[in-house]
Amino acid sequence: MIRLNHLPTLRIKPGAPRSFRYGRRRLQGVDGDTVATALFANGVRVFGRSLKYHRPRGLYSLDGESSNTLVNVDGVPNVCAETTLLAEGMRVSSQNAFPGPDFDLLGFMDALSWAMPAGFYYRVLHKPARLWPLAVPFIRKMAGVGTLSADFQAPGRRDEIYPAADVCVIGAGVAGMSAALAAAEAGLRVVLFESRPWPGGAFEYRPGTARDGVAYYRKTAELAAAVQASPHIRLFLNAPVIGVYSDGLVTAFQRGRPPHPFDERYIEVRAASVVAATGCSERPLLFDHNERPGVMQAGCAHRLARTWGILPGRTAVFSVGHDLGLEAAVDLFDLGVEIAAVAELRQDGLDRALVDALAQRRIPLLRGWSVTKAHGRHRVTRVTLAGPNGRFRKTIDCDLLVASAGFTPVTGPLTLAGARLAFDAHTGFFLPASLPPRVHAAGRLTGRQDWHAVAVSGRLAGLSAVHDSGIDRTAAIGESIDELASLPGPARGTQFVLAPGSGKKAFICFDEDATVKNVDQAMDKGFDVPELIKRFASVGTGPGQGGIPGHNLPLYVHQSGASPDGHPRPTTVRVPLTPTFLATYAGTRLDMSKRTPLHALQVADGGRMERLGVWHRARRFSEDERSREEILAVRTAVGMLDASTLGKFRIFGPDAVKVLDRVYVGDMTRVPRTRAKYSAMCNEDGCLADDGVIVCTGDNDYYFTTSTGRAGMTVEWIRYHTRFDDWDFGIVNLTDAYGVINLAGPEARTVLQRVTDADVSNEAFPYMGYREFAVDEIPVRAMRLGFVGELSFELHVPASWMVHVWNRLMAAGGDLGIRPFGLEAQNTLRLEKCHVIIGSESEQRTTLHDVGLGFLWHRDKPWAKTVGDTALRQTEHQPGRLKLVGFRMADPTAPLPGDGSVIVDRRIRGYVCTARYSFTLKEPVGLALVDDALSAEGSSLAIHEDGCGGRLARAVVTETPFYDPEGLRLRM
Amino acid sequence: MAFTITCPICGPRSGYEFRYGGEDKGPRPDPAQMTPEAWCDYVHMTDSRPGVQKEWWYHRAGCGTWFTIYRDTTTNLEVAPDSPETVA
Ligand SMILES: [Zn+2]
């Protein structure tokens, strides 16, 4: 198709072709095209089929007000062709049409429309109830639009930003840009959202002249240049607003940055003030077959020509109710469209100059007339017009029918912000009757149509927003109010909805195929409130979010006399104001994880790395899932574990010890400089929250460890439980500043002695001792602990020296068979010793008493108000609790029960926490939480596993720990 | 939904930076004569009444302070501590 290449208002680059596929066809558009305009330019008129009746649908609007132009693009269903910019190589296909939109096998559904009255599904299929399951698959098939494969991966990248602003302006038309500039002049930060790919709104494409004689598009372009030059205004183009919330919160998303149509950005702005300058959409005129391809809105036809250089038709008939329609007729005539007739709903109030312009061009103007029917099977070929009251009819051949009854102000953002709407008879609009504080409305949505009046109202709103922020603008506001009073006020609007003499097939909502007749049926059923009729007859509940029926439904209901209070009532607006991909809300999945300082070494040593919380950790260092060699190394020689993920904290200050006494169950007033103290934290229910080791590193200065998973919340938790106390202390999270090496095994001391001058003999550094010494001048904090049940040293080393110290120890122990061990080995080793891991041997309800650690609790420190104290007292002898026990299998050759298997008799009596094969004892051992009635030594436990087929495994509660009950090996 | 919270250290900040710490129930009562029921009520029960409530917040993506604000739960707007609505 030949484009009009030399219009000053074009937004395309005619010399920059973009090829794409449409079904099997290879087509070409140009840079600046949307998918819809590119298809239209290639002669596509039927874009798809409607939801229910499979009626042909075409280009009707250009801002996504209806589902007419939903297509599949690059595998993504339900993409709005009108708002998606064309990209090179796009694959576009139609939806809801079998085999294609021009010939659809389900087209017969249209003939059955009589059989599907309003609320059809609700009324017919839910009774009797047994029919409903049969109906569901059918409804699913018929109701859904677009298909998505189960393994579909949405293309595109999605991010999110949270800019702060003093003023958020919604809509970069003349009013919005004027408001933004007024705020920017005061130095305020402005965020300006525009849903179209360029600023300018309703004026940027129009060649008509404002009262100063300059063309609208020129004046608007000047304004846009000023906005884009302002350092205070952040303009988001192609960014429709999704929602407006209390306290100036505005959410929007920016769609498609060429050449990536599916890159989307979620934007959330907190602004001190909000200006809504969202303008108007066109209010459709309803008549028979008012959605036939070839029928379009005035702005759609006009913008196709002016913005994209595409003539919308050869011969046009207009049936409009506003001056913008007349202006479009005149301009399209000048651009080469034959205008057969202009029917104007209004008898008077027409713009004199436009009437003269029509007369000069010998375009017949029929006042008081309107279209009553569009003819043609797949596209308009002829229309019937009727005079006032439906009398006098005439039929005209044409391929384009421009039909538009009036305007609908886009008030969604305002009502979401809390504005109350009231019907205004003069404009025919629902206008804000009251605005919440710091919310302002401006521009065409207030009914003004004059360029200058729109600009001044925008400036006034911008100044008011500045005033909100505490900068006095009383004088400037006064001037703007005076200036506005001298300019044309809100224009009178028509309230016509249904053309006189129209019949049953007048569609009030395109998305849901709802006709005026469906609305009548709902009113016959007794519905009188538009909001309820909307639900019952499905009017405005589709992807267009009520853009098409917006004002028509309340006006029609009102004119039918159904409104209970005699006033038209608006329907409720909800978020999202614009349909948004769920993927946009989901955002980018950022998988954030941490590596220990030894990560590379662990991998090089053959470590099988696993994600545990935020960390990557080595589960084992061989194929053997039971880590036999690693376990035996620790039991008979020496091994090393990277325990750097432990939480590590410094707490200091005059009240530090009070804090420790508050959060730990033990008595912290006497932690000597040379000893490590093991203790636990309980929550207010007395349940186990954490365990760890505390050492004293100086006066009022302590260092303590937490379990890996608790590190992130420890500071918050400790500060929470001291929030009323006003204590003087500081706490520092050193988790990433230190690494930890657990050097364990009978030869551990030999290895350690080889790398340090400090005396680490059993006499100089006994079990549970704490020492600070140097390894190659590197300061090391060493604790003699015994988590794995052998002589072991936990070495806390500055993170950046971890690799060095690890390598030194490895080299020093080479002749002793030293080797790294992983989490699996550690788990078995500590299990043999019955040392608990929080989260493995405890859950939400497990108290300190339940796991047998009650001895850690110092009950005589009421001064401390220890967090778990009250509950520990109350639950100490509480019957019926789950207690931690050790068990062996009745038959030692029995297979190992899985972690988490339940223990049953006639009911569930507990569960297996951890069970492993013990190479030391040569039989399976485990820990379980069981009903206290079963916790005595010798009790028999019946273990049920998934898939055991009722064959329960038998276990016996036995004495713990399984390994080295005297604890001699820790003290070697 | 997000709203703004005024941290005593950092000033008004996005609600996403904070963690909710529940209604303010005052310091812990004396445990001496505490029944399990009374203790459970203190720890777990909340009033959840619509309107202005005093509540705890933690500035986790900020200064790490626990503090209280008065918030109208029906509007998500903060209320000045000296406003008449804050009197329970
Ligand atoms: Zn803060």
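The values are calculated or read from the model by the stated rules, or taken from the named source; none is laboratory data. Note that the coordinates shown come from a computational prediction; the quantities given were computed from them, not determined experimentally. FYI the Cβ positions are ideal-geometry reconstructions off the backbone, even for glycines, and counts take in every protein chain you see.
Observations
- Residue check, A:T920 touching a residue at least 12 places away in the same chain (Cβ under 8 Å), within 14 Å of chain B (Cβ to nearest Cβ) and crowded, with 17+ Cβ neighbours inside 10 Å: no
- Test result for B:T86, within 11 Å of chain A (Cβ to nearest Cβ) and free of Cβ contacts under 8 Å to residues at least 60 places away in the same chain: no
- The one condition from (1) in contact (Cβ under 8 Å) with a residue 12 or more places away in the chain; (2) outside any loop (DSSP other than H, G, I, E, B) that A:V573 does not meet is (2).
- Residue in segment B:53-68 that is loosely packed, with under 11 Cβ neighbours inside 10 Å and not hydrophobic (A, V, I, L, M, F, W, C) present: no
- Close pairs from segment B:6-31: first more than 9 Å from every other protein chain (Cβ to nearest Cβ) and in contact (Cβ under 8 Å) with a residue 40 or more places away in the chain, partner surrounded by 11 or more Cβ atoms within 10 Å (Cβ to Cβ) and acidic (D, E), Cβ under 7 Å, at least 6 apart: B:T6/B:E78; B:D24/B:E55
- Note on segment A:395-410: residues that are in contact (Cβ under 8 Å) with a residue 24 or more places away in the chain, surrounded by fewer than 24 Cβ atoms within 10 Å (Cβ to Cβ) and in a strand (DSSP E or B) total 2.
- Candidates A:T307, A:T278, filtered to the one that is within 29 Å of A:A180 (Cα to Cα) and assigned to a helix (DSSP H, G or I): A:T307
- Look at (1) buried (at least 20 other Cβ atoms within 10 Å of the Cβ); (2) more than 14 Å from chain B (Cβ to nearest Cβ); (3) in contact with a Gly (Cβ under 8 Å, 6 or more places away or on another chain); (4) not β-branched (V, I, T) and you find that A:S842 fails only one, number (3).
- Meets criteria (over 30 Å from A:G171 (Cβ atoms), in contact (Cβ under 8 Å) with a residue 40 or more places away in the chain, surrounded by fewer than 17 Cβ atoms within 10 Å (Cβ to Cβ) and not assigned by TED's automatic domain parsing to the domain that holds A:A422) for A:R367: no
- Restricting segment B:62-72 to residues that are hydrophobic (A, V, I, L, M, F, W, C) and within 9 Å of the ligand (Cβ to nearest atom), the residue that is nearest to A:F724 (Cα to Cα): B:F67
- Top-ranked residue in segment B:32-58 [being over 21 Å from A:E716 (Cβ atoms), of a type in the set (A, V, I, L, M) and within 9 Å of chain A (Cβ to nearest Cβ); ranked as farthest from the ligand (Cβ to nearest atom)]: B:A32
- Only a single item in (1) touching a Cys at 6+ places or on another chain (Cβ under 8 Å); (2) surrounded by 17 or more Cβ atoms within 10 Å (Cβ to Cβ) is not met by A:E832, and it is number (1).
For (1) in contact with a strand residue (DSSP E or B) (Cβ under 8 Å, 6 or more places away or on another chain); (2) under 24 Å from A:N68 (Cα atoms), each residue gets a yes or a no:
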{"site": "A:L235", "(1), (2)": "yes, no"}
{"site": "A:S246", "(1), (2)": "yes, no"}
{"site": "A:G256", "(1), (2)": "yes, yes"}
{"site": "A:N290", "(1), (2)": "yes, yes"}
{"site": "A:D323", "(1), (2)": "no, no"}
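- Residue match in segment A:853-866 (condition: surrounded by fewer than 19 Cβ atoms within 10 Å (Cβ to Cβ) and more than 14 Å from A:M668 (Cα to Cα)): yes
- Sole residue being part of a helix (DSSP H, G or I) and aliphatic (A, V, I, L, M), chosen from A:A618, A:A600, A:A562: A:A600
- When the residues of segment B:73-88 are filtered to those that are away from the ligand (no atom under 16 Å from the Cβ) and in a strand (DSSP E or B), the one that is farthest from A:S246 (Cα to Cα) is B:V79.
- One residue stands out among those in segment B:35-72 that are among the polar types (S, T, N, Q) and part of a strand (DSSP E or B): the one that is farthest from the chain's Cα centre (by Cα), which is B:Q53.
- Selection count where residues are over 13 Å from the mean Cα position of the chain (by Cα) and either within 25 Å of A:P576 (Cα to Cα) or more than 9 Å from the ligand (Cβ to nearest atom) (or both), scope segment B:1-12: 5
- Pairs where the first residue, in segment A:959-972, is touching a residue at least 40 places away in the same chain (Cβ under 8 Å) and the second is surrounded by 13 or more Cβ atoms within 10 Å (Cβ to Cβ) and not in a loop (DSSP other than H, G, I, E, B), C-beta under 6 Å, 6+ apart: A:T960/A:G886; A:F962/A:E832; A:F962/A:V925; A:Y963/A:E832
- Among residues of segment A:694-713, those that are in a strand (DSSP E or B) and crowded, with 20+ Cβ neighbours inside 10 Å, counted: 8
Each row is one residue, and each column tells you yes or no for (1) under 29 Å from A:F392 (Cα atoms); (2) among the hydrophobic types (A, V, I, L, M, F, W, C).
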position	(1), (2)
A:R473	no, no
A:G478	no, no
A:G489	no, no
A:L498	yes, yes
A:G503	yes, no
A:E512	no, no
A:M523	no, yes
A:G526	no, no
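- Residue count, segment A:862-881 (criterion: more than 12 Å from chain B (Cβ to nearest Cβ) and either modelled with pLDDT of 95 or more or touching a helix residue (DSSP H, G or I) at 6+ places or on another chain (Cβ under 6 Å) (or both)): 1
- Any strands (runs of 3 or more DSSP E) falling wholly within segment A:4-115 and containing at least 2 residues that are small (G, A, S), farther than 26 Å from A:V241 by Cβ and at pLDDT below 95: A:13-22
Table: residues versus (1) crowded, with 21+ Cβ neighbours inside 10 Å; (2) among the hydrophobic types (A, V, I, L, M, F, W, C).
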site	(1), (2)
A:I548	yes, yes
A:H551	yes, no
A:H558	no, no
A:G561	no, no
A:R574	no, no
A:Y585	no, no
A:S627	yes, no
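- Answer residue from segment B:21-31, given it is surrounded by 15 or more Cβ atoms within 10 Å (Cβ to Cβ) and assigned to a strand (DSSP E or B) and is farthest from the ligand (Cβ to nearest atom) among those: B:E23
- Of everything in segment A:714-733 that is buried (at least 17 other Cβ atoms within 10 Å of the Cβ) and among the aliphatic types (A, V, I, L, M), the residue that is farthest from the other protein chains (Cβ to nearest Cβ) is A:I718.
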